[in-house]
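Participant: Pasting a structure below so you can have a look.
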Amino acid sequence: MKDLTLTQSFAMIALNAQNSKYLTTVKKIALRCMAASVILETLLDSNSGTSWTAVDLRKAALPDSAAYSRSILEPLNKKINSARALSLKRYLKAAYSLSGRRLKKLEMSVADSLREQDLLQEIPNLLGCDLYFDSSGVPYMEYRSNIPEYEAITETIKAEVLDNGPVTDEAICMLWLLRESGSFSDFFSLNDLETAAARMNELYLHSPLAKALYPVRIHHSAELAAKQFLHWKKSVFKKPFAAGINFIYPVFERSQSVFIDTEAWFSNADKRLEDVETRLRKYGHEFTVLHAGSVPIIKIDNLVYKAVPQAIYGRVPIHGVRLIPRIPF
Amino acid sequence: MSRQRTMDAILASEYVSIGELARITGCRYSTLKFYTEEAMLLFEQAEQNLTRRYRREETVERIQRIKQLKESGLNIPQIKEALQSCAKQDGKQT
């Protein structure tokens, strides 16, 4: 495992599986929290973070500091334009409300710093292969974090929070960032959530950093509600009954029901599979056939799908296959 | 409260916490906790509710041994037996 900064560690979690080209609502939440993590990282690294009630970041944006730090601290200091130290909440709120252009700049600089270490890559999203997904020729790409590094980060935080003993400042900040980005319930299992919440209360009582940080709430409720709704919708349509409905009406959750058209009508199983393979390879996906047959089981980029033949009847009938994620029974 | 230790500092220290062990071995926290509860990993603890400290070199070697035994097809009780017999042999030699 490599030594990563707080912002880089959080970015590994926050950017994973996010659309790399467009600023979606979910990615906006992640980027805003990344901007807040730059503030926390700077305060942890500088001496000004010792008091935590009144903090000063006016001299923090140094020419030798990381590009992503400068991309946030310089506009932030201009925006706040204060001659004295301010509360931590004021800085975090200001960082959270930076413009989309600033957030995009932050994303590029953090992603570049992770790409240099081979910890982040851009991979094509399967939805880009869908016949009805219109992107005007722009490839639909998403971020994928390096899996061993991602697991090392998440497991270290879990171990610190769920086990007895002291919790580092990075883990305290990470808990707050996870809460504000609405990822807390994804990160901890249902059994662990209660322990994590109790641990946060305990930290609030004993740690000056947690005492200053945990009462600060910077999230936008409407954005978080949208994120939770999309997450809930995706998890619902992964269940067998809802997956069946989604097969007939893919408009509910298109990512879980991708349609790939075949060249000819009434083509046989081998020809269908060949067409699917051609399309997936064209879009840069890894493709392995696990089980051939009339409904083949195929592995695409480490996920297993059933390729179910289907015909769509519009003005002209279109024959093809629908890729349904295989639910392990 | 303290800052997170760098990898160099962790790799130079004699004792590590369970979080640091997860970081250097790539094992899941829940797996390490299970191994600890099953007495497959040895730790030191000054008092109750204090951090469990693991001897870095010994514990990392033991985790690698457990992984090898798992890959060779042994189940958990068999791995425990294998580890205990190894420990007995080491005890006799010393």
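Participant: Does the range B:12-43 hold any residues that are closer than 24 Å to residue A:6 by Cβ, touching a residue at least 40 places away in the same chain (Cβ under 8 Å) and aliphatic (A, V, I, L, M), and which are they?
Facilitator: B:16, B:21
Participant: Taking into account only those residues within the range A:121-136 that are assigned to a loop (DSSP other than H, G, I, E, B) and touching a residue at least 24 places away in the same chain (Cβ under 8 Å), which is nearest to residue A:110 (Cα to Cα)?
Facilitator: Selected residue: A:125.
Participant: Does the range B:1-55 hold any residues that are more than 8 Å from chain A (Cβ to nearest Cβ), of a type in the set (Gly, Ala, Ser) and in a loop (DSSP other than H, G, I, E, B), and which are they?
Facilitator: Those that are more than 8 Å from chain A (Cβ to nearest Cβ), of a type in the set (Gly, Ala, Ser) and in a loop (DSSP other than H, G, I, E, B): B:13, B:39, B:46.
Participant: On the given criteria, is residue A:120 touching a helix residue (DSSP H, G or I) at 6+ places or on another chain (Cβ under 6 Å) and not assigned by TED's automatic domain parsing to the domain that holds residue A:251?
Facilitator: So residue A:120 fits the description; yes.
Participant: Does at least one position in the range B:53-67 carry a residue that is farther than 15 Å from residue A:152 by Cα and more than 11 Å from the chain's Cα centre (by Cα)?
Facilitator: Checking the range B:53-67: at least one residue is farther than 15 Å from residue A:152 by Cα and more than 11 Å from the chain's Cα centre (by Cα).
The values are calculated or read from the model by the stated rules, or taken from the named source; none is laboratory data. These numbers were taken from a predicted model, which means no experiment stands behind them. Here the Cβ is made from the backbone with ideal geometry for all residues, glycine too, and neighbour counts use every protein chain on show.
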